[in-house]
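*Asks:* Here it is, the structure in full.
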Amino acid sequence: MKELLSDLAILSSLLFFYTQVTSTSPLSRSSSRTRKIITGLFAGLLSNILMQYSMNIGNTIIDLRHIPILIMAYYGGLLPTLSAGLLIILGRFLFGFNTSSFAAIFLVTFISAASLLISSKQLSKKKKIFWMVTFSNLVFTVLVFYLLNDIKLLLHLIPIYWGVSYLAGFISFSIIEYLRRSQELFNQYKAESATDGLTGLNNFRKFDEVFNQLLFNQERTNEKISLLYIDIDYFKKINDTYGQAEGDIVLKELASILKSSTRSFDIVSWNGGEEFTAILRDCGLNQAIEISELIRKNVEDFTFILNSGAQINITVSIGIANIDETTKRAADLIDDADKALYQAKRNGRNRVYVSQ
């Protein structure tokens with residue numbers, strides 16, 4: 001009994017460790033072949049560890065080695081299950097070549113095949129786990145009745161094994177599901193903390209984080225970085241005339257224009273109000289001017305359709321600063337882009353102005 005409970009404790013601990021390590025890319029049926037093989041080998045290694053803490057009755061060892069097989073079949077399919085099974089069989093032979101070790105081949109093979117079949121059925125998750133564990137227990141029971149002749153021992157052992165096996169199965173899957181859900185929520189909250197819910201762009205917090213990191217790296221890499229400060233001309237008039245909800249439509253549409261007018265690796269953010277920014281990586285001043293003019297023209301030519309049915313056109317003013325070509329100190333890049341934006345507005349709006 002204590003050996004099986006030790007197996008359960010080890011299994012839970014290692015599953016917790018594994019799911020934490022692989023939280024960014026958990027095993028699934030769509031995982032790459034390499035990941036499936038590696039994960040299967042890890043599962044096989046886990047089963048071998050469980051065998052080291054097994055219950056020994058003569059040449060027969062009793063443990064929870066089947067649980068990692070069930071997990072591989074459920075989440076990964078054939079390839080990780082096969083990898084785990086082969087490693088378990090090889091590990092079992094380290095305990096010796098005897099009837100019990102050859103019976104282990106039968107055990108692993110039948111459990112693997114049945115688990116793959118059950119996991120492919122249109123059943124609820126709980127039913128799949130229940131039937132996989134139940135079949136594993138049935139195969140185990142048949143084998144131990146064949147290997148052990150002590151009926152009194154078997155009548156004591158079988159109920160305990162079934163109970164611990166069911167407990168281990170549901171605890172193991174619960175640990176994995178709990179940690180996966182926790183990681184998904186964490187990733188969701190992390191994304192929401194960096195993304196503006198209205199425009200879908202980076203928020204100011206994310207802009208500040210990325211900008212500071214780029215400036216820190218720029219001292220080492222000398223990457224050409226241009227910064228655009230983009231401001232909607234007379235945006236307050238739009239809000240006053242049509243209402244804030246209609247102004248939000250303008251912000252959302254403008255965000256789409258900015259994304260489509262910049263490169264996929266540029267960092268576009270909404271900094272609040274009518275102000276947007278675009279960090280152009282690996283971008284010299286001339287190219288930054290071209291991108292800015294493209295943005296300005298695309299906005300000018302776009303007709304914004306509001307919820308009320310009204311159609312309006314807007315313009316934007318853009319200030320540009322570039323490390324080295326307009327700004328010597330990286331720390332002055334924001335101030336220089338902001339000053340250039342002020343000049344663009346002062347000189348008539350709907351124009352691009354380069355920091356002097």
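*Asks:* Extension gain residue 263-residue 216, at 0.36 nm per residue separation less the Cα-Cα distance, in nm?
*Replies:* Working: separation 47, 0.36 × 47 = 16.92 nm, distance 2.20 nm.
Stretched out fully, the residue 263 to residue 216 stretch lengthens by 14.7 nm.
*Asks:* Calculate, for residue 310 and residue 185, the FRET efficiency according to 1/(1 + (r/R0)^6) with r their C-beta to C-beta distance and R0 51 Å; round to the nearest 0.05. Write out the running numbers ahead of the final one.
*Replies:* Working: r = 40 Å, r/R0 = 0.79.
Efficiency, rounded to the nearest 0.05: 0.80.
*Asks:* Now, a different point. Determine the shape class of region 180-227: with a ≥ b ≥ c the square roots of the Cα gyration tensor eigenvalues, call it rounded for a/c under 1.5, and otherwise prolate if a/b is greater than b/c, oblate otherwise.
*Replies:* Values: a/c = 3.96, a/b = 1.90, b/c = 2.08.
Oblate shape, in that a/c is at least 1.5 and b/c is the bigger or equal ratio.
*Asks:* Continuing with this model, one more query. What's the FRET efficiency of residue 328 with residue 205 using the Cβ-Cβ distance as r and R₀ = 25 Å, to the nearest 0.05?
*Replies:* Approximately 0.35, to the nearest 0.05.
*Asks:* Would you kindly state how much longer the chain becomes between residue 286 and residue 57 on full extension, computed as 0.36 nm times their sequence separation minus their alpha carbon distance, in nm to one decimal? Show your work: numbers first, answer last.
*Replies:* Numbers: separation 229, 0.36 × 229 = 82.44 nm, distance 7.95 nm.
Length difference between fully extended and current span is 74.5 nm.
*Asks:* Give the peptides 71-79, 210-218 in descending order of average Cβ contacts within 10 Å, highest first.
*Replies:* Descending packing order for the listed peptides: 71-79, 210-218.
*Asks:* Could you rank the peptides 255-264, 283-292 by their average count of other C-beta atoms within 10 Å per residue, with the highest value first? Present the calculation step by step, with values, prior to reporting the outcome.
*Replies:* Values: 255-264: 15.7, 283-292: 18.4.
With the highest mean Cβ count within 10 Å placed first, the list reads 283-292, 255-264.
*Asks:* Sticking with this structure for a sec: Taking 0.36 nm per intervening residue step and subtracting the Cα-Cα distance, what contour gain separates residue 167 from residue 342 on full extension? If you can, show how the numbers build up before the last one.
*Replies:* Numbers: separation 175, 0.36 × 175 = 63.00 nm, distance 6.77 nm.
The residue 167-residue 342 span can extend by a further 56.2 nm.
*Asks:* Pull up the cross-link candidates among the aspartates and glutamates for residue 236, meaning alpha carbon to alpha carbon under 15 Å and not fewer than 8 places away within one chain.
*Replies:* 246, 248, 274, 275
*Asks:* With springs connecting C-alpha atoms under 10 Å apart, model the chain as a Gaussian network and identify which of 243, 309, 40 has the largest mean-square fluctuation.
*Replies:* Looking only at 243, 309, 40, the biggest GNM fluctuation is shown by 309.
*Asks:* I want to check the label-to-label distance for residue 106 and residue 241. Put each point 7 Å from Cα in the C-beta direction and report it in nm to one decimal.
*Replies:* According to this spin-label approximation, the distance is 8.5 nm.
*Asks:* With a sphere of radius 14 Å drawn around the Cβ of residue 106, what net charge do the other residues whose Cβ falls strictly inside it have (Lys, Arg +1; Asp, Glu -1)? Before the final figure, lay out each step's value.
*Replies:* Numbers: positive: 65, 92; negative: none.
Overall, the nearby charge balance is +2.
*Asks:* While we're looking at this one, here's another question. Would you compute, from DSSP H runs of 4+ residues alone, the mean residue ellipticity of the chain at 222 nm, taking -39500 (n - 2.57) per run and dividing by the full residue count, rounded to the nearest 500?
*Replies:* Values: 12 runs with 229 residues, N = 356.
Taken over the chain, the calculation gives -22000 deg cm²/dmol.
*Asks:* Also, I was wondering about something else. Springs between alpha-carbon pairs under 10 angstrom, Gaussian network model over the chain: which of 26, 68, 159 fluctuates most?
*Replies:* 159
*Asks:* Give the accessible surface of region 224-321 per residue, rounded to a whole number of Å², with probe radius 1.4 Å and ligands, DNA and RNA excluded. Spell out each step's value before the answer.
*Replies:* Working: 4280 Å² over 98 residues.
In whole numbers, region 224-321 has 44 Å² accessible per residue.
*Asks:* Right, something else. Connecting C-alpha atoms closer than 10 Å in a GNM of the chain, tell me which of 141, 19, 99 has the biggest fluctuation.
*Replies:* 99
*Asks:* Another question about this same structure. Can you give the FRET efficiency for residue 356 and residue 16, using 1/(1 + (r/R0)^6), R0 = 56 Å, r = Cβ-Cβ distance, to the nearest 0.05?
*Replies:* Details: r = 59 Å, r/R0 = 1.05.
Rounded to the nearest 0.05, the efficiency is 0.45.
*Asks:* Can you give the angle from 0 to 90° between the axis of helix 2-21 and the longest principal axis of the chain, with both taken from C-alpha atoms, to the nearest 10?
*Replies:* For helix 2-21, the angle is close to 20 degrees.
*Asks:* Expressed as a rounded percentage, what relative contact order does region 227-298 have, with Cα pairs under 8 Å and six or more residues apart?
*Replies:* Details: 59 pairs, mean separation 28.9, N = 72.
Averaging sequence separation for qualifying contacts and normalising by length gives 40 percent for region 227-298.
*Asks:* Quick one: net charge of residue 299's neighbours, Cβ under 10 Å, K/R +1, D/E -1? Can you show the working numbers first?
*Replies:* Working: positive: 296, 297; negative: 233, 253, 300, 301.
Around residue 299, the surrounding residues sum to -2.
*Asks:* Modelled label-to-label distance, residue 124 and residue 38, 7 Å Cα→beta-carbon offset: nm?
*Replies:* 3.6
*Asks:* By average Cβ neighbour count within 10 Å, what is the ranking of 343-353, 45-55 from highest down? Don't jump to the answer; show the numbers that get you there.
*Replies:* Working: 343-353: 16.5, 45-55: 19.5.
Answer by packing, highest mean first, reads 45-55, 343-353.
*Asks:* Could I ask something else about it? If you roll a 1.4 angstrom probe over the protein chains with everything in place, what fraction of the accessible area of the chain belongs to carbon and sulfur, to the nearest %? Provide the component values of the computation, followed by the final result.
*Replies:* On the way: 10400 of 18130 Å².
Exposed carbon and sulfur together represent 57 percent of the surface.
*Asks:* If you fit an axis through the alpha-carbon atoms of helix 33-52 and take the longest principal axis of the Cα set of the chain, what angle between them do you get, 0 to 90°, nearest 10?
*Replies:* Computed tilt is about 40 degrees.
The values are calculated or read from the model by the stated rules, or taken from the named source; none is laboratory data. In this text the structure is predicted, and so the values were computed from the model without any measurement. Positions of Cβ are backbone-derived with ideal geometry, glycine not excepted, and every protein chain shown enters the neighbour counts. For accessibility, only protein heavy atoms count, side chains too; no ligands or nucleic acids. Shrake-Rupley method; radii C 1.70, N 1.55, O 1.52, S 1.80 Å.
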